[in-house]
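The values are calculated or read from the model by the stated rules, or taken from the named source; none is laboratory data. Treat the numbers as computed from the prediction; the structure is a model and nothing was measured. Here the Cβ is made from the backbone with ideal geometry for all residues, glycine too, and neighbour counts use every protein chain on show. Accessible surface is based on the protein model in full, side chains and every heavy atom, while ligands, DNA and RNA are left aside. Shrake-Rupley method; radii C 1.70, N 1.55, O 1.52, S 1.80 Å.
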Amino acid sequence: MNTRFSHNAAQVGGEGLDASAATDLIPSSYSAALRRRFDIDVDTIESPAATYVPEYYEANYAYPLLIWLHDEGGTERDLLRIMPEISNRNYFGLSLRGPLEARTDQDGYRWSHLIDDVIAVENELHEQVGRLRRMYNIHSERVFIGGCGDGATAAIRIALRHPEWFAGVACLGGGMPTMDKPLVNYRQMQGKRILLASEQTAEPSQTRELGTLLHTAGMTICSRMYESAKPTHHEVVRDIDRWMMQECYRTVTVE
């Protein structure tokens with residue numbers, strides 16, 4: 001689990017570009033054009049995965065990847081609703097299913113804080129990303145992880161345990177994960193980008209605690225407050241798109 005998702009890339013620079021020109025990243029020539037496809041992988045019964053393939057997939061372009069972890073009561077299929085809201089062209093998407101059933105008043109699933117369950121999710125995630133990279137052109141240095149609520153907390157936990165895997169983390173309404181020595185990998189965390197979103201009615205101390213911890217680790221915090229921090233809210237998905245594209249423009253790489 002110490003290996004990265006990727007092979008090495010050579011950086012060639014690039015700063016200060018306008019992230020609003022997101023569509024410029026996608027080639028205008030579609031020699032291998034494919035319509036958007038939704039792929040549900042149920043080969044692994046314990047942890048089914050959903051994959052989002054961008055519209056007009058171009059094999060010669062290395063795409064960013066967003067790994068999305070659903071909120072409590074959701075499933076891996078939530079990805080198929082969320083990704084087109086963020087962008088139907090710019091990113092691949094991948095989602096796993098939480099290992100535990102949601103509490104009795106909810107359908108769907110939730111994430112576990114038990115270390116054996118966390119490790120099992122990490123192993124499955126590593127395998128699924130490897131599967132995607134064998135099938136498609138995924139950029140090795142532009143893998144993001146994010147989630148909402150319970151899934152955001154799970155995403156933060158995985159990112160703190162394996163910061164070398166990710167370019168950044170999008171945390172929508174998540175809290176501080178329960179874990180020993182959360183900053184043990186602080187050297188690899190430095191410079192990683194965090195989108196930290198909260199709702200105006202939320203308890204501010206929870207977001208402040210998480211933001212302080214991540215800032216202490218040397219991460220770059222982008223803090224946002226919304227009426228609703230749900231991933232289907234227009235302002236939220238627009239900011240997720242802009243935030244990821246800013247990282248893509250920040251370091252242009254050749255593979």
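Tabulated values for the structure
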item	result
Percentage, to the nearest whole number, of Cα pairs in the stretch 47-193 over 23 Å apart	31 percent
Ranked order, Lys192, Lys181 - accessible area, probe 1.4 Å, largest first	Lys181, Lys192
Listed residues Thr178, Thr153 arranged by accessible area, highest first, probe 1.4 Å	Thr178, Thr153
FRET efficiency, Thr178 to Glu127 (Cβ-Cβ, R0 30 Å, nearest 0.05)	0.75
Dipole in debye (nearest 20) - the stretch 114-157, about Cα centre, beta carbon charges: Lys, Arg +1; Asp, Glu -1	320 debye
